[in-house]
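The values are calculated or read from the model by the stated rules, or taken from the named source; none is laboratory data. Because the structure is a prediction, the values reported are computed rather than measured. Using ideal geometry, Cβ is built from the backbone for each residue, glycine included, and neighbour counts are taken over all protein chains shown. Only protein heavy atoms, including side chains, enter the accessible area calculation; ligands, DNA and RNA are left aside. Shrake-Rupley method; radii C 1.70, N 1.55, O 1.52, S 1.80 Å.
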Amino acid sequence: MTPAPTQAPRTGAAAAPEPSAASAAFTQAVFRKINWRLMPLLLICYAVAYLDRINIGYAQLQMRQTLDFSDAVYGLGAGIFFIGYLLFEVPSNLMLEKIGARKTLLRIMLCWGLVAAAMAFVSTPTQFYVARFLLGAFEAGFFPGIILYLTYWYPADRRARMIAIFMCATTLAALSAGPLSGAIMKYFNGYGGLAGWQWLFLIEGLPAAVLGVVAFVVLRDSPEQAPWLNEAEKRCVREAMARSPSTVGSAAHGSLRHMLADPRIYLLSLAYACLLASTMGLTFMAPSLIRSWGVQDLVEIGWYTGLPNLLGLVGMIVIGGHSDRHGERRWHYAFCIALAMLGVGLSTLVEGSALLKVSVMAVSYIGIAGATPLFFTSVTEYLPKSVAAGGIALISSLGNLGPAASPSVMAYLNAQSGGMTQSLYFVVLSWLASGVLLMLTLRARGAKAPVPATA
């Protein structure tokens, strides 16, 4: 049992609240210090990772002019990334638990940065597929690894907001990806004998390798190893971890074998697969969708795809903080899914300019940005600490089967219908499935926990 923090002697009835107030202020100061030490670097690293993942959606607008790749080739290449992710995500997270986050991030970011840059030199479908597979294989473990890493530093009642802040990286990357990618392809095209799309992969890929070295030097694997926390501050973190309540019913399995027998793990994986199938599918098709609405300039397409993410950036932090304050995850997640469905659904109904359609779809970005932090906060609270590394990675890796398949499914729907409306309906239905699955799979706090397979 964790000992209570040392308090000053009581001098009278009026003095009783003072130690508690002082303790709360001290705890707040400690976690503010941790926030500034960890989150800026983690956010930048994830922004670069996400940019390298999604920039194929922009690059393919210009690659068509130099490479004879069909929609099916791009769809398969976009999906193959997630096959590599699936195969290597669990081993990577289990390795992180043994060797620590610093060495894991160094390995991941060096390798994926070099492969992301090497995408500039693909010339055949086979080379394209191999590069995309390797990119997924090397990046595997980054996202679930950071989610696991944050559980070492933050108690449950602070976690949704911090995961949301970490995941602001995806929104910042999506916000900058369009204008940055469009500008690189437009203004670097032909420079040094390389096409604009080749410069895109080089400029957006190589920073990852540098950041891997920075993360290795700057980060520490746990609060106990942080030289910038004194003993009182480390004790404060331990006590905050010990007294923090969960907001969803927790599983009772204490080993990976028991976890693998838990059907809720697979239902959560399916919920995440549906979430990613919609979100990444929409991300990959957004530049082409906006071009189909009559926008032709590459930089203008970039701004149209990027600016709605500002709403997502604000919504992600606000919703995550509201979820922490109210100790509730499931209905917050359902609200985010409803917003995502509403925006995309309305965009298929409104008539008018591209600006009007993008403005309507922007509502979706609030839900898209807010959903994933809530999902993984719920997962970290459901999984016991003893299986968190494997469980987070397993759910994340199985979930990546969704975006592995969705680009090809959407390319097929586009080919059959001659437009993109059917793909948008697919996106909406997949989000709906994700929301229903999570609501039915996780119980609210206080519900009876599942019975383990064996004692």
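Details
- Accessible carbon and sulfur surface of the chain relative to its total accessible area, %, 1.4 Å: 67 percent
- Ellipsoid semi-axes for the chain, based on the Cα gyration tensor and the rule √(5λ), read 39, 24, 22 Å when sorted largest first.
- Only the Cβ atoms of Lys and Arg (+1) and of Asp and Glu (-1) were treated as charged; on that basis the dipole of the chain about its Cα centre amounts to roughly 1060 debye.
- Ellipticity at 222 nm from helices only: DSSP H runs of n ≥ 4 in the chain, each -39500 (n - 2.57), divided by the residue count, give -26000 deg cm²/dmol.
- Ranking by accessible area, most exposed first, for 425, 412 with a 1.4 Å probe: 412, 425
- The range 256-293 and the range 146-193 have Cα centres spaced 18 Å apart.
- Solvent exposure of residue 428, expressed as accessible area, is near 30 Å², computed with a probe of 1.4 Å over the protein chains only.
- With respect to the chain, whose longest principal axis is taken over its alpha-carbon atoms, helix 421-441 is tilted by about 20°.
- Equivalent ellipsoid, the range 96-182 (semi-axes from 5 times Cα gyration tensor eigenvalues, Å): 29, 19, 9
- Computed on the range 361-414, the Cα convex hull volume stands at 79 Å³ per residue.
- Calculated diffusion of the range 196-350, Stokes-Einstein form, Kirkwood radius summed over Cα pairs, 10 °C and 1.306 mPa s, µm²/s: 77 µm²/s
- For the chain, accessible area per residue (1.4 Å probe, heavy atoms of protein chains only), Å²: 41 Å²
- Given a 1.4 Å probe and the protein chains as shown, residue 210 ends up with an accessible area of around 90 Å².
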